[in-house]
Structures are given as structure tokens and as C-alpha cells.
Amino acid sequence: MRHLIPYVRHGAWGRVVAPAIAVSFSIDSREGGKVAEQQRADVAIVGGGVLGLAHAWHAARAGKRVVLFERDAQARGASARNYGLLWPIGQPAGFLLQMALRSRELWIDLLNQCKAPMPASGSLHVCYREDEEAVGKEFCSLGPAQGYTCEWLDAQHTLEKCNALRQKNLRGAVYSPLEITVDPKVVLSELPKLLKERYRTEIRYSSPVRRVEPPVVETSSEAWRVDSAIVCAGTDFETLFPGEFKTSGLLRCKQQMMRTAPQPDNWRLGPALAAGLSMRFSGSFQICPSLDGLKKRIASEMPRYEKWGIHALVSQGPRGELTIGDSHEYGQNADFYDKVEIDDLILDYLDSYTSFHDRTITQRWQGVYAYHPEKPFFLATPMKGVLVITGVGGAGMTLSLGLAERICKRFFE
């Protein structure tokens, strides 16, 4: 747990075992006088996205009485708007890679409990240029000693893994068997059901929380008495503890993404696909000295891709649809208008190395996630008994269960 301690400023909480219950007593509400009926739980989770659900699961498994609050009818933030990829291959070597691998183990257990599909399709980082090949081979040489499961495939074996790739100029690929594709919609619907039915967790949708001051957590319609609270509010920096966020260094990152129609005849993509553009973003490939040359070439030859932080990654959902993206625009307030130029650049690059049966785009959207330019996540305790966790960047699906396990073990022991 030494990796978590630098981000934490206060203490821990005790252990109580029982289902969440309702008891009657009165408290003072900051607005509107008395609240006559109050609920009781050990832990309140604020935020029904993947990170909040992960903390709720671990807290419930530790025997805690848990209540989870989600401001919308269902989570609508970054957890609902991503590839659905569990992506250990993208994490830097060290404790984040180990956290991602542990998270993967936990996801397999959890998805089995939910009876949710989870094809372990793996991933390919395909290489069409000499510098991409150099980075790929170097990574496959250095990576296993750093904890990565990977191998270099020549062009023929790469095509055997995925017949959607263009053969011309293909040099090979970095293959990893560990990546898993899940459906975010299934996760956000089935995991709450599991929490309610198996772990007796209370879940309150359409319940924006306006006050967190243990022993009180208060929404606009009810109040709960709790021992502690974990706030996983994503990019909402303004509602709860705005002073913490103001000095946190957190940014928002906007992404543009797209989805095709389901591919015909039950055609399957196989591994999730990435290419040279993705290598420059990935924390894993930073171990390769040859990566600098690749970055310089892309910055020189592809300035518009550099400007918008574009790479072209594609995964396939359970119904056969392809999810495509993405771009990266950073700032406190991301532009809410999508840019046609960005979508065109993504599709043009994707077309340079793939050929699909049906490229019809049926959905376009943007996602926004919290990101810290220097830390892998943001963790703070603004008052005793309250933990704020956000800023896992684009790795929420990949890290959430492993990160929540570490946090809950530390604070619920």
C-alpha cells in the first residue's frame, strides 16, 4: 500500500458487518430544518460509475453495509462511453501494471458472477513502418522481464490473428493475449444488480448528493447516517469539496469516438487493434529507447494527429459492432462541440491499416474523463472519514477493481 499513502492525508475506518438498514431519528439538515427519517449504513459511495461500483463491491465483500448514490438514472459519464477494454498492455511497468493485472483477475471473477460475456480477445499493436517495427521488436525483447505477456508476430502470423488487416507493407505486430473486451452497458446494469441481490447493497439512482459530512450524507430527498464515505464523482469537481479539486491539478480530457453497425455474418475482429499512433501514448512502450524516433517522425509527418492527440484503436462489442477512437483534448472545460475533422482523421488512419465488411458509422459521441498530468490517480481525504478518488484517466476500466481493492484493504482493515 505504500503507493497509495502519498496521496492520503487522514486516517482509517473500522469494521462493522450487517446489511444496510433504515432507522428513525432526526438530524439537522443544512437546508430545510429537520429530516425525520434517516437511513443507516457503514459506507456511502458517491458515484455509480465503474470506480464507484468497484469500491462498493470491495466494501461489501469486506462485510460493510453499503449505500451507493448515483445522480442520474444510470451512470452516464466516462464509464458508459468507452471501449470496454481491460487494457493491461497500456499500463507502465511497475505497480500500475501489477494493479492492472490484478484488476483483470478480479474482473473475470466479477463478470462470471454477473454471467456477463467477456471474450479474452487479446490485442495487436500492428506495425507498418520501420520505426514502428523497431519499437515493437524492442518492446517484445524488454517487456517480459518487466511483467508484460507479449510476443512479436511476423506479418503472416499477424494476418492469421486478424483478417481485417491490410497486407501491404505490414511488418508484424506486438501480440498480447491478456486484453478483454466487455460491454460497458452490461457492466453498468448487471453489476448493480449483483450488488443488490448478493451483497444487499442499497443503490439510489437519480440521487445527487449535496452534502457529505460523516456521520451525515444528504441528498435532496433523503439523508443517511454513515461511518465513512468514498466519493467517486468523476469529472464533477464543483459539487462536493470544490476546494480540494481547485488545487488538485486535475484536468478534463475530452475524447471523440464512433461505432459501426454490427458486422455481417457474425464476423469477428479477434484481437483489439492499435497501431503506431497508439504506441506513442502507451505507458508500456515508454521502456523502449527507440520510441523517441517514432514520436519525432509522427510529430513531423502528422501534425494534425499530434494536435488532437489522435490514435486509432478499434474493439468489437458482443453484438458485432466496432468501437473506434479516439482523440484527446485537455483542459478544465472541454469544448462540447465535436469536430468533424477529428472523426475524419481517425477514420482515415484506421482505413490505412484495416478493411472491415461494414464501415457504416451509426453512432458518434464524446466522453470526458478526469486526468492528472503527473499522477496516475487523485486521492484525498478532505475530512476525517471521507475519501475522494478520481483522475484515473483513460484507464478506469483497466485499473478500477485493482485500485479499489488496495484502497478498501487499507481503510477497512
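The values are calculated or read from the model by the stated rules, or taken from the named source; none is laboratory data. Computed from a predicted structure; not experimentally measured. Counting neighbours? That spans all protein chains shown, and the Cβs are built from the backbone with ideal geometry, glycine included.
Are there any strands (runs of 3 or more DSSP E) wholly within the range 357-413 with 1 or more residues that are in contact with a strand residue (DSSP E or B) (Cβ under 9 Å, 6 or more places away or on another chain), of a type in the set (A, V, I, L, M, F, W, C) and farther than 22 Å from Trp57 by Cα, and if so which?
Filter on the range 357-413 gives 361-371, 378-383.
Just to check your reading of the model, which residue among Gln38, Gln91, Gln98 is surrounded by 16 or more Cβ atoms within 10 Å (Cβ to Cβ), at pLDDT 95 or above and among the polar types (S, T, N, Q)? Can you show your working first?
Values: Gln38 fails: at pLDDT 95 or above; Gln98 fails: surrounded by 16 or more Cβ atoms within 10 Å (Cβ to Cβ).
Result: Gln91 is the single residue among Gln38, Gln91, Gln98 that is surrounded by 16 or more Cβ atoms within 10 Å (Cβ to Cβ), at pLDDT 95 or above and among the polar types (S, T, N, Q).
Restricted to the range 258-289, and to residues that are buried (at least 17 other Cβ atoms within 10 Å of the Cβ) and of a type in the set (S, T, N, Q), which residue is nearest to Leu142 (Cα to Cα)?
By that ranking, first place goes to Ser284.
Taking the condition hydroxyl-bearing (Ser, Thr, Tyr), out of contact with any Leu (no Cβ under 7 Å at 6 or more places or on another chain), buried (at least 21 other Cβ atoms within 10 Å of the Cβ) and more than 20 Å from Tyr128 (Cα to Cα), does Ser327 pass?
Here the answer is yes, as Ser327 does meet what is asked.
Given the conditions (1) in the same structural domain as Met383 (by TED's automatic domain parsing); (2) crowded, with 17+ Cβ neighbours inside 10 Å, report the number of the one that Leu294 does not fulfil.
Going through (1) in the same structural domain as Met383 (by TED's automatic domain parsing); (2) crowded, with 17+ Cβ neighbours inside 10 Å one by one, Leu294 breaks only (1).
Results for (1) surrounded by fewer than 20 Cβ atoms within 10 Å (Cβ to Cβ); (2) within 30 Å of Lys185 (Cα to Cα); (3) in contact (Cβ under 8 Å) with a residue 24 or more places away in the chain, shown as yes or no for each residue.
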| site | (1), (2), (3) |
| --- | --- |
| Arg76 | yes, yes, no |
| Asn82 | no, yes, yes |
| Leu124 | no, yes, yes |
| Glu132 | no, no, yes |
| Gly136 | no, no, yes |
| Cys150 | no, yes, yes |
| Leu159 | yes, no, no |
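Quick grid of which residues meet (1) closer than 30 Å to Gly47 by Cβ; (2) modelled with pLDDT under 95:
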{"position": "Trp107", "(1), (2)": "yes, no"}
{"position": "Leu111", "(1), (2)": "yes, yes"}
{"position": "Cys114", "(1), (2)": "yes, yes"}
{"position": "Ala120", "(1), (2)": "yes, yes"}
{"position": "Gly136", "(1), (2)": "no, no"}
{"position": "Leu153", "(1), (2)": "no, no"}
{"position": "Leu159", "(1), (2)": "no, no"}
{"position": "Lys168", "(1), (2)": "no, no"}
{"position": "Glu179", "(1), (2)": "yes, no"}
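For Tyr128, state whether it is touching a Phe, Trp or Tyr at 6+ places or on another chain (Cβ under 7 Å) and among the hydroxyl-bearing types (Ser, Thr, Tyr).
Numbers: touching a Phe, Trp or Tyr at 6+ places or on another chain (Cβ under 7 Å): yes; among the hydroxyl-bearing types (Ser, Thr, Tyr): yes.
Spelling it out, Tyr128 is indeed touching a Phe, Trp or Tyr at 6+ places or on another chain (Cβ under 7 Å) and among the hydroxyl-bearing types (Ser, Thr, Tyr).
Given the conditions (1) aromatic (Phe, Trp, Tyr); (2) under 21 Å from the mean Cα position of the chain (by Cα); (3) not in a helix (DSSP H, G or I), which single one is not true for Trp152?
Trp152 satisfies every listed condition except (2).
Do you know which residues across the range 303-338 are more than 20 Å from Tyr83 (Cβ to Cβ) and in contact (Cβ under 8 Å) with a residue 24 or more places away in the chain?
Across the range 303-338, the qualifying residues are Arg304, Gly331, Gln332, Asn333, Asp335, Phe336.
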